[in-house]
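Have a look at the structure below, then the notes.
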Amino acid sequence: MAALFNDYLLDYAPRSLNDMQLKPVDGALQVTGGIKLWNRFPGVWLPTTMRGSIDVRDERHLVYRPDSVKVLGVPQAGMLKALDVPLASLTPFVRKGVALQGNELVFDQYTVFPPPVLQGRLASADVTDEGLVLRFKRDASMPVARPPAGAGTSFVWIESGDVKMFDSLVVNGRTLIRDSGVVGAASMRFDLYAYRRDVAKGKVMMGEDGGLVVDVAKR
């Protein structure tokens, strides 16, 4: 999420937010960074800390609702609420797929993330010590994907579609991404957007049926 903001959403000027850092705190999401009122005032970034929850608004949208806002260490949420001044009027923020609306930061999961596009039906969102966990509803009209036997308990299975890995393109591919070094109930760690880094540490194998098995365990 921090990379999404700093490398993608905040890559413009003038802007109201800067250098956003996010971390889970007691089931809530704490956001720290710099803020400028109305994108310009004052001429320096004011240290700001927000804490709140992330919820699912509908099957497409996520909402971050800060219930605590501190600027220069001074609580502001209560005063803004008493004066009926929404955050959006002080720190306007609208980018592709995300907008500050009133006191809520609304994300459109179809457009806010870089490719590949997510088009799942959101069911829930939880902030855990491991990060933001999204769960999706199953579309009953779609066939159930069948990962190969021995995939383990934590893996990525890509069925159909074209898969491009480095300079190779597999058409109508079947790709299993796993970590043979993970045992028991432990979860595999894999960064889809930095797949080259993770895959290069392991190995890629192709079966006679053309399916790919990507083992990201260090060689």
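Laboratory data are not the source of any read-out in this text; all were calculated from the coordinates shown. No experiment lies behind these values; they were computed from the predicted model shown. Here the Cβ positions follow ideal geometry from the backbone for every residue, glycine too, while neighbour counts run over all protein chains shown.
Find the lysine pairs in the chain meeting two conditions, Cα atoms under 29 Å apart and a separation of 8 or more places or different chains, and report how many there are.
Counting lysine pairs in the chain gives 21.
Counting chymotrypsin sites (Phe, Trp or Tyr not before Pro) as exposed when in a DSSP loop with at most 16 other beta carbons within 10 Å, what is the longest stretch of the chain free of them?
For chymotrypsin sites (Phe, Trp or Tyr not before Pro) (loop position, at most 16 other Cβ atoms within 10 Å), the longest site-free span of the chain is 39-109.
In a Gaussian network model over the chain where Cα atoms closer than 10 Å are linked, find which of 191, 26, 209 has the largest mean-square fluctuation.
Taking springs between Cα atoms under 10 Å, the residue moving most is 209.
Put +1 on the Cβ of every Lys and Arg and -1 on every Asp and Glu Cβ in segment 6-156; which of 155, 62, 94 then has its Cα farthest towards the positive end of the dipole?
94
At a 10 Å Cβ-Cβ cut-off, how would you order 165, 206, 142, fewest neighbours first?
142, 206, 165
Given the Cα-Cα distance of residue 84 and residue 186 and 0.36 nm per residue of separation, how much length would full extension add, in nm?
Extra length from residue 84 to residue 186 when fully extended: 32.1 nm.
Where does the chain land at 222 nm, in deg cm²/dmol rounded to the nearest 500, when only DSSP H runs of n ≥ 4 count, each adding -39500 (n - 2.57), divided by all residues?
-1500 deg cm²/dmol
Using every pair of alpha-carbon atoms in segment 2-132, split the distances into 5 Å bins beginning at 0 and state the percent of pairs per bin, rounded to integers.
For segment 2-132, the pair-distance distribution reads 2, 10, 18, 26, 22, 13, 6, 2, 0.
Report, by chain and number, residues whose modeled amide H sits under 5 Å from the one on residue 91, excluding near sequence neighbours (fewer than 5 apart, same chain).
For residue 91, the qualifying residues are 38.
Give me the extension gain from residue 12 to residue 200: residue separation times 0.36 nm, minus the current Cα-Cα distance, reported in nm with one decimal.
Full extension of this stretch gives 64.5 nm more.
Loop only per DSSP, at most 16 neighbouring Cβ atoms within 10 Å: give me the trypsin sites (Lys or Arg not before Pro) in segment 1-101, ordered by residue number.
Sparse-neighbourhood loop trypsin sites (Lys or Arg not before Pro): 40, 57, 60, 96.
Give the whole-number value, in cubic angstrom per residue, of the convex hull volume spanned by the C-alpha atoms of the chain.
Considering the Cα atoms of the chain, their hull volume per residue is 156 Å³.
Based on the Cβ-Cβ distance from residue 136 to residue 167, what FRET efficiency comes out when R0 is 41 Å, to the nearest 0.05?
Here the calculated transfer efficiency is 0.85.
At R0 = 25 Å, how high is the FRET efficiency between residue 108 and residue 40 if r is their beta carbon distance? Nearest 0.05 is fine.
According to the calculation, E is roughly 0.40.
Over the chain, with a Gaussian network built from C-alpha contacts below 10 Å, which listed residue (98, 127, 117) shows the highest mean-square fluctuation?
In the Gaussian network model the winner is 117.
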